[in-house]
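See below for the structure under consideration.
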């Protein structure tokens, strides 16, 4: 079985468009169609329903998706372990994009400097995929805001993120600031509930963004207000490029390191996490 058939199948599913998948894979659209057709012939099933609005997975395609993801992940892991270039240790780490942006970027650089012989692979995955891949042994360490309590996984709380309401204007009333252009950043369900309790009459946000980096760009170029981590905006507040909204509540979210209770990489995981304790 050609591993590229699965890669192409997953890319068509991600983009929901044969042309966009071809662009992403640097192939012609005909080549992408041929690969999908070949996979369908091998399996004897139809993987996609095609219509004028795009493509979507058939029930059989949905069942194949998880297997294809695991096959590709296993292949990446096997290739890494075989061709790690003489590395003494290996570590596969995952989180979501918002934590890579504001919390893990510096940690990754310090880990790279502290462990030059470490073969390091990072991924950006949604929480449910991280948990599944931790349990399946496809990743070694994940960073999450709201980890589920699972017996097979060890959860280690790291430093908190202090989320502060900031704006491009100097507001004294948080309700007024929110009513004049609130940008909702996805900090998880717990934060959404806290926000609802603090501002029960707030209007439905017109802008919802997945990362703090995107929200900061909107504040600086369009205006509005958003809950952003103090570590990201402290310098901008000092230079009065942004303003803290007076009287607005500050929320704390805790980042957690999650890894299997039984792993042959516990020592290097502990070493990697020790970087967070350094001054």
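The values are calculated or read from the model by the stated rules, or taken from the named source; none is laboratory data. Because the structure is predicted, anything quoted here is derived from the model rather than measured. With ideal geometry, Cβ positions are generated from the backbone for all residues, glycine too; neighbour counts draw on all protein chains shown.
Within region 218-260, the only residue that satisfies the criterion of being loosely packed, with under 13 Cβ neighbours inside 10 Å and under 28 Å from residue 130 (Cα atoms) is 252.
If you go through region 169-200 and keep only what is assigned to a loop (DSSP other than H, G, I, E, B) and touching a helix residue (DSSP H, G or I) at 6+ places or on another chain (Cβ under 8 Å), you end up with 169, 171, 186, 187, 199.
Say we look at region 201-212 and pick out the residues that are assigned to a loop (DSSP other than H, G, I, E, B) and under 24 Å from the mean Cα position of the chain (by Cα); which of these is nearest to residue 229 (Cα to Cα)?
Within region 201-212, the subset assigned to a loop (DSSP other than H, G, I, E, B) is 201-206, 210-211.
From what is left, the residues that are under 24 Å from the mean Cα position of the chain (by Cα) are 205-206, 210-211.
Values: 205: 19, 206: 21, 210: 14, 211: 11 Å.
Only one residue tops the list, namely 211.
Of the conditions (1) within 30 Å of residue 142 (Cα to Cα); (2) touching a strand residue (DSSP E or B) at 6+ places or on another chain (Cβ under 8 Å), residue 243 clears all except one; give me its number. Here residue 243 meets the rest and fails (1).
Among the residues of region 188-200, is any within 19 Å of residue 169 (Cβ to Cβ) and either touching a residue at least 12 places away in the same chain (Cβ under 8 Å) or not assigned by TED's automatic domain parsing to the domain that holds residue 101 (or both)? Checked region 188-200: at least one residue is within 19 Å of residue 169 (Cβ to Cβ) and either touching a residue at least 12 places away in the same chain (Cβ under 8 Å) or not assigned by TED's automatic domain parsing to the domain that holds residue 101 (or both).
Can you confirm whether residue 65 is within 20 Å of residue 268 (Cα to Cα) and either modelled with pLDDT of 80 or more or surrounded by 13 or more Cβ atoms within 10 Å (Cβ to Cβ) (or both)? Explain how you work it out, then say what you get.
Working: within 20 Å of residue 268 (Cα to Cα): no; either modelled with pLDDT of 80 or more or surrounded by 13 or more Cβ atoms within 10 Å (Cβ to Cβ) (or both): yes.
Answer is no for this residue.
Against the definition (in a loop (DSSP other than H, G, I, E, B) and in contact with a strand residue (DSSP E or B) (Cβ under 7 Å, 6 or more places away or on another chain)), how does residue 248 come out, yes or no? So residue 248 fits the description; yes.
Taken over region 144-168, the criterion of being under 28 Å from residue 89 (Cα atoms) and part of a strand (DSSP E or B) is satisfied by 144, 153, 154, 155, 156, 157, 158, 159.
Checking 267, 272 one by one, the residue that is more than 20 Å from the chain's Cα centre (by Cα) and in the same structural domain as residue 131 (by TED's automatic domain parsing) is 267 and no other. Do the conditions hold for residue 223, that is, is it part of a helix (DSSP H, G or I) and modelled with pLDDT of 90 or more? Taking the combined requirement at face value, the residue does not satisfy it.
Evaluate the following for residue 210: is it at positive phi and in contact with a helix residue (DSSP H, G or I) (Cβ under 7 Å, 6 or more places away or on another chain)?
Details: at positive phi: no; in contact with a helix residue (DSSP H, G or I) (Cβ under 7 Å, 6 or more places away or on another chain): yes.
Against the criterion (at positive phi and in contact with a helix residue (DSSP H, G or I) (Cβ under 7 Å, 6 or more places away or on another chain)), residue 210 does not qualify.
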